[in-house]
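Notes follow once the structure below has been shown.
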Amino acid sequence: MTPGKEEKTLAVTEGGGYLPGTHPDLPPPSSVHGPIHWIRVNLFGSVTDTALTLLAVYFLYSAITFLAGWMFINAAFTGESRNDCRAVADGACWAFIGNRLSLFIYGFYPEPERWRVDLSFVLLILAIVPVLYEDMPQRGKGLAYSCLYPLIAAWLLVGGFGLEKVSTDQFGGLMLNVVIGVTGIAFSLPIGIVLALGRQSQLPIVRILCVSFIEIIRGVPLITLLFVAAVMLSYFVPPGTDFDLLVRMLIMVTLFASGYMAEVIRGGLQAIPNGQYEAADAMGLKYWQSMRLVVLPQALKISIPGIVNTFIALYKDTTLVIVIGRLDILGIGNSSLADTKWQGLSTEVYIFVALFFFFSCFSMSRYSLWLEKKLHTGH
Amino acid sequence: MSGVANQASIKLVGIEPNFLLRLWRNKDTRSIILQILTMALLFAFLAYIINNAVLNLAVLGKTFSFDFLGFPASYDINQRLIEYTSQSTHFRAMLVGILNTALVAFFGIITATIVGFLFGIIRLSNNWIASHIVYCIIEFTRNIPVLLHILLIHGIIVHVLPSPRQAHTLADSIFLSNRGLTIPDPIFGEGFSFTVIAFFAAIGIIIGFARWARKVRDESGKIYPVFWISTGILFGLPFLVFLLSGSPLSWVVPELGRFNLKGGITMIPEFLALWLALSLYTSVFIAEIVRAGILAISKGQWEASQAVGLQRNRILQLVVIPQALRVIIPPLTSQYLNLTKNSSLAIAIGYMDIVATIGGISMMQTGKEMESMILVLSIYLCFSLVISAFMNWYNKRIKLVER
């Protein structure tokens with residue numbers, strides 16, 4: 001039936017054309033295929049598209065030339081003061097950042113004790129692995145370690161029991177951001193689970209309490225809660241009690257995060273089909289058993305991307321502690337601007353801190369996206 | 001199994017089971033017991049902290065009262081929408097703060113919505129370059145703390161922009177300098193009220209016209225260009241009345257004085273920085289919400305609309321956007337709430353909002369920490385409640401009416 005190869009090559013008419021049905025396969029013309037077609041459709045499809053493209057190219061060109069010039073080509077990387085920088089180049093003065101890098105990371109933590117901060121960062125990474133890596137061998141033991149980690153870190157950072165004591169007033173820089181962020185998430189998770197379960201409880205009083213707590217926490221800004229921590233919380237403990245400001249801040253940040261965490265976990269709980277609850281009931285499991293063995297493992301698993309997103313938001317919000325006078329990485333940058341040697345470098349400082357936050361938050365959000373995709377394939 | 005055996009053994013032995021145990025085993029009574037216990041714990045906790053607070057206040061020699069709101073505030077506020085002097089009361093200062101928060105939240109929400117929708121739509125467009133530039137802007141903006149945005153923009157306005165004498169200017173009437181953005185101040189003449197009346201009349205006419213056009217569309221299928229006609233009425237009618245009443249409007253154009261600009265309305269750098277930073281930060285979240293909302297509309301809806309012969313803009317207007325709005329509105333509400341709450345960061349750059357007035361200077365001056373914080377927290381709760389009530393009402397209006 002199908003014409004053979006030989007037949008096809010022979011089927012040329014005398015005028016040099018082809019007989020019907022015997023034309024050889026040619027590549028599609030470049031007007032419907034290939035880079036030129038792609039550019040025509042995707043960049044110059046219509047008048048508005050063309051205008052948008054030209055505008056975008058212009059914007060890109062001016063932004064890149066300006067930024068490259070300011071950040072790299074005309075920038076000064078070494079020097080002891082702003083005048084040194086200005087003598088070399090009129091762009092950014094990165095010498096300032098390099099000069100104070102240890103301040104940005106450790107704050108005012110005493111220098112001979114800084115290994116403790118490094119060690120607790122390393123241990124933190126080890127503590128995160130079992131939480132995120134499901135197929136880890138001996139995951140149970142790893143998780144037990146992760147639960148113990150906050151205690152270990154608190155001991156390492158604050159001291160006592162054989163280590164020299166470091167006042168929490170000396171915490172600062174990136175370390176303060178990490179301490180607040182990690183504590184907030186670690187402690188808000190259990191509280192958030194309890195609140196989310198309470199919100200769905202059959203007991204009206206429990207439900208009303210949980211709903212009002214969550215809504216109040218979510219209705220006010222974190223900064224007002226930090227103010228509460230700074231000026232109001234010490235009224236609520238017996239007179240004469242010494243109540244550390246960092247602890248007060250951590251309490252308020254944890255309560256704040258748990259309000260948001262509760263909503264994330266509620267989403268996970270609502271995504272569990274009713275059949276799972278009913279099956280657990282049919283097995284004769286009591287409320288807490290069915291939650292612990294059937295519902296929560298599934299609900300928490302699908303809430304992980306939401307939890308990571310909550311963490312990113314909380315991590316960004318840790319910069320707010322500067323309004324009550326604590327110097328986190330942004331606060332250190334802000335207060336270093338007062339140094340007369342380095343005056344007028346606010347843009348460099350802010351851009352350095354911004355880049356730092358961008359890289360850490362962007363990688364976390366990529367991770368949460370990847371996780372969402374991975375979890376999605378199950379359905 | 002064991003429960004049944006247990007009960008049986010109790011019956012066999014004939015001992016009355018413990019009364020409390022029986023209550024605990026009954027589901028209804030158990031729930032009542034649990035709730036009473038919860039309430040008892042809560043009240044015990046509240047009693048404990050209130051007792052502590054009373055003791056602490058007594059030690060410090062303070063009282064709990066809101067009398068201080070009536071005392072003169074004796075500090076200045078750099079931006080005020082209502083009459084305020086340093087002799088005004090703390091209550092008045094609080095009102096100024098509330099209005100300042102409301103002002104920046106209002107403008108921020110409007111700008112963030114417009115920019116957010118624009119970004120979201122460009123992100124979905126076929127134009128590869130534009131969509132990827134917007135993607136980069138979105139990722140950069142949302143992964144950087146909002147406080148940093150505020151400080152950065154404030155720093156740029158205050159340190160990088162020129163002084164008023166060398167201000168950037170547009171047609172010699174709008175000036176941008178390190179003192180802020182100065183625009184001409186309108187002065188309304190006598191007959192201007194007619195224009196205002198015409199404006200509201202135009203809104204009424206538009207609502208009536210839109211209803212009528214929808215009725216006609218449902219009955220006969222005839223579609224009027226409602227948007228363009230409405231825009232025409234909205235601007236045309238007041239403008240016509242304005243001209244007829246003899247153009248009763250003049251402008252006070254700002255002029256360069258010795259050190260500063262004279263006349264005109266000045267948006268102070270703090271307001272500008274807060275407004276721009278909050279709008280930008282919120283708009284990228286809105287852009288993602290809009291994109292997700294439009295992508296959530298299944299392809300079948302597009303194909304079905306094409307099959308009945310609708311054009312692209314008609315498909316968007318009649319099929320896609322009404323459905324996408326339902327997905328968009330709930331997360332949009334929480335973004336509006338976030339913007340309002342984030343406006344409290346104003347204190348970092350010295351914009352006098354609620355936190356900076358009543359929760360800042362007033363609190364420091366009077367030492368009324370408890371009262372001020374309670375006021376601040378309840379004002380923010382009210383803001384949140386008002387915004388969510390409004391958005392819930394809107395959400396209900398556009399909700400899918402299922403038959």
Inset, instruction - Pop the C-beta distance of residue B:397 and residue B:190 into the FRET formula with R0 = 35 Å and round what comes out to the nearest 0.05. - result: 0.30
Inset, instruction - Taking amide H positions as placed in the peptide plane 1.01 Å from N, state which residues far from residue B:177 in sequence (5 or more) or on other chains have amide H under 5 Å from it. - result: B:182
Legend entry - chain B, helix-only ellipticity at 222 nm - DSSP H runs n ≥ 4, -39,500 (n - 2.57), divided by all residues, nearest 500: -22000 deg cm²/dmol
Legend entry - Within-12-Å neighbourhood charge of residue A:70 [Cβ basis; K, R +1; D, E -1]: -2
Legend entry - residue A:272/residue B:65 FRET efficiency (R0 60 Å; Cβ-Cβ; nearest 0.05): 0.75
Legend entry - Qualifying lysines (Cα of each under 21 Å from Cα of residue B:27; at least 8 residues distant if same chain): A:286, B:11
Legend entry - Environment charge at residue A:181 (Cβ cut-off 13 Å; Lys +1, Arg +1, Asp -1, Glu -1): -1
Legend entry - Using θ = phi - 60° and Karplus 6.51 cos²θ - 1.76 cosθ + 1.60, couplings along the stretch A:314-320 (whole Hz; Gly, Pro as x): 5, 4, 5, 6, 5, 5, 5
Legend entry - Chain lengthening between residue A:289 and residue A:108 when straightened (0.36 nm per residue, less Cα-Cα): 60.4 nm
Inset, instruction - Would you mind estimating how fast chain B diffuses translationally, via Stokes-Einstein at 10 °C and 1.306 mPa s with the Kirkwood radius over Cα pairs, in µm²/s? - result: 59
Inset, instruction - Let me have the 222 nm mean residue ellipticity of chain A computed from DSSP H runs of 4+ only, each contributing -39500 (n - 2.57), with the sum over all residues rounded to the nearest 500. - result: -21000 deg cm²/dmol
Inset, instruction - Quick one: among A:46, A:81, A:102, which has the greatest mean-square fluctuation in a GNM of chain A with alpha-carbon springs under 10 angstrom? - result: A:46
Legend entry - Spacing of the two label points (7 Å from each Cα toward its C-beta) at residue B:216 and residue A:242, in nm: 8.1
Inset, instruction - Compute the relative contact order of chain B as a whole-number percentage, counting only Cα pairs closer than 8 Å that sit 6 or more residues apart in sequence. - result: 21
Inset, instruction - Nearest 5 is fine: what % of DSSP beta bridges in the protein assembly as shown come out antiparallel, could you say? - result: 90
Inset, instruction - Read phi for every residue in the stretch A:243-256 and hand back ³J(HN,Hα) as whole Hz from Karplus 6.51 cos²θ - 1.76 cosθ + 1.60, θ = phi - 60°, with x for Gly and Pro. - result: 10, 4, 4, 4, 5, 4, 4, 4, 4, 5, 5, 5, 4, 4
Legend entry - Most mobile of A:21, A:162, A:259 in a GNM of chain A (Cα contacts under 10 Å): A:21
Inset, instruction - Identify which of A:96, A:359, A:311 has the largest mean-square fluctuation in a Gaussian network model of chain A, with springs joining Cα atoms closer than 10 Å. - result: A:359
Legend entry - Point-to-point label distance, residue A:163-residue A:359, nm (Cα→Cβ direction, 7 Å offset): 2.6
Inset, instruction - Kindly express, to the nearest 10 degrees and within the range 0 to 90, the angle between helix B:90-124's C-alpha long axis and the longest C-alpha principal axis of chain B. - result: 80
Inset, instruction - With label points built 7 Å along Cα→Cβ from the Cα atoms of residue A:22 and residue A:90, find their separation and express it in nm. - result: 7.6
Legend entry - For residue A:86, net neighbour charge (Lys/Arg +1, Asp/Glu -1) across residues whose Cβ lies under 13 Å away: -2
Inset, instruction - Quick one: what are the phi-derived ³J(HN,Hα) couplings along the stretch B:40-56, Karplus 6.51/-1.76/1.60 with θ = phi - 60°, whole Hz, x for glycine and proline? - result: 4, 4, 4, 5, 4, 4, 4, 4, 4, 6, 5, 4, 4, 4, 4, 4, 4
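Which whole-number percent is the relative contact order of the stretch B:185-252 (Cα, under 8 Å, 6+ apart)?
This gives 65 percent for the stretch B:185-252.
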Inset, instruction - Estimate the FRET efficiency between residue B:205 and residue B:243 by the formula 1/(1 + (r/R0)^6), using the beta-carbon distance for r and 22 Å for R0, to the nearest 0.05. - result: 0.75
Inset, instruction - Report the paramagnetic label zone for residue B:251: residues of the stretch B:145-187 whose backbone N is under 19 Å from a point 7 Å from Cα along the Cα-to-Cβ axis. - result: B:167-177, B:180-187
Inset, instruction - Tell me which residues come under 5 Å, amide H to amide H, from residue B:249 once H is placed; ignore anything under 5 positions away on its chain. - result: B:189
Inset, instruction - Average the reciprocal distances over every distinct pair of alpha-carbons in the protein assembly as shown, invert the result, and give the Kirkwood radius in Å. - result: 31.5
Inset, instruction - No other cysteine beta carbon under 4.7 Å away is the test; run it over chain A and list who passes. - result: A:147, A:210, A:361
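Just so you know, all these numbers are worked out from the coordinates, no wet-lab data involved. Since this is a predicted model, take the numbers as computed values, not measurements. Heads up, the Cβs are rebuilt from the backbone with ideal geometry, glycines too, and the neighbour counts pull from every protein chain shown.
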